[in-house]
Each structure stands twice: as C-alpha cells, then as structure tokens.
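*Asks:* Right, I'll just put the structure down here and ask away after.
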Amino acid sequence: SIPIAKQLASIKALGKGSDLEKAFATAALVYNNAADPGGKLSKAETKNLLQTQFGAFIQGQENKPKYQEIISALDEESENKIDFEDFMILLVSLTLMSDLLQEIKNVKRTK
C-alpha cells in the first residue's frame, strides 16, 4: 500500500495547493483507500476508520448523546453502506462536537 503522503504528492493539481485543499484531498484518499471497489464502506468499516484515523477528535466523546447516536447508527445491522458524502458529514459532525476543536481554536497564531 502506498503511503497517503506519497499519493497526495502524486496529484499534480495539488502541487501548489493550499493547506485546506491538501487536508480535504487527504480525507478523500484515506476514505478511498479503505472503500470497496464501488467506493463505499460498510458501517463497521466506517466505525473502524473513524476510530483509527480520527481518534484524537472522538476521544472523550463517548458520553455525549450525539456521539452515541452516530455510533449506534453505525452499529445497526444493515446492508446500507456509507458513501464519501455521508462519510464527510460524519467527519464534520464529529469535529464540531469534539473537545479538540476548542483546543484548535485556542492555538496562538504567529506572524
């Protein structure tokens, strides 16, 4: 498997891309590397990907009702798979409720 950084570097359009463009491209690459040939993830795979790749954001969220709602939806027995759009909605939702977001907001900017 090719490292994400190397995959990212191979995308010519991102050669001079912004940090935000590279961040979203990284999220897309992480998702695509885990997805099935149809471009989707099972709910169990989605939960695993969030736990392994987004752990700092979800750490400490276990007792929040919205987090429990999201995770219980992924635990339900269902044939439904998660597409990239739904995955990104999960990422944004988990980011917004994360304790880490407040820490990020408090980072001092230097000039």
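The values are calculated or read from the model by the stated rules, or taken from the named source; none is laboratory data. Only a predicted model underlies this, so the values are computations on that prediction, with no experimental measurement involved. Positions of Cβ are generated from backbone atoms using ideal geometry, with glycine treated the same way; all protein chains shown enter the neighbour counts. Quick note on the areas: whole protein, heavy atoms, side chains included, nothing else; ligands and nucleic acids left out. Shrake-Rupley method; radii C 1.70, N 1.55, O 1.52, S 1.80 Å.
*Asks:* May I ask you to list the residues in segment 64-104 that are at pLDDT 90 or above, of a type in the set (Asp, Glu) and part of a loop (DSSP other than H, G, I, E, B)?
*Replies:* ASP83
*Asks:* Can you name every residue in segment 5-17 that is in contact with a Ser or Thr (Cβ under 9 Å, 6 or more places away or on another chain) and either open to solvent by 50 Å² or more (accessible area, probe 1.4 Å) or over 16 Å from TYR31 (Cβ atoms) (or both)?
*Replies:* Matches in segment 5-17: ALA5 only.
*Asks:* I need every pair where a residue in segment 53-65 that is of a type in the set (S, T, N, Q) has its Cβ under 8 Å from the Cβ of a residue that is open to solvent by less than 50 Å² (accessible area, probe 1.4 Å) and not in a loop (DSSP other than H, G, I, E, B), sequence separation at least 6 or different chains.
*Replies:* Matching pairs, first to second residue: GLN53/VAL30; GLN59/LEU100; GLN61/TYR67; GLN61/LEU94; GLN61/MET97.
*Asks:* Continuing with the same structure: For segment 18-63, name all the residues that are outside any helix (DSSP H, G or I) and open to solvent by less than 90 Å² (accessible area, probe 1.4 Å).
*Replies:* Passing the criteria: SER18, ALA35, ASP36, GLY38, GLY39, LYS40, LEU41, SER42, PHE54, GLY60, GLN61.
*Asks:* For segment 66-111, which positions are touching a residue at least 24 places away in the same chain (Cβ under 8 Å) and polar (S, T, N, Q)?
*Replies:* Residues satisfying the conditions are SER78, ASN80, SER93, THR95, SER98.
*Asks:* Examine segment 30-51 for a residue that is among the polar types (S, T, N, Q) and in contact with a Lys or Arg (Cβ under 6 Å, 6 or more places away or on another chain), and state whether such a residue exists.
*Replies:* Yes, because at least one residue in segment 30-51 is among the polar types (S, T, N, Q) and in contact with a Lys or Arg (Cβ under 6 Å, 6 or more places away or on another chain).
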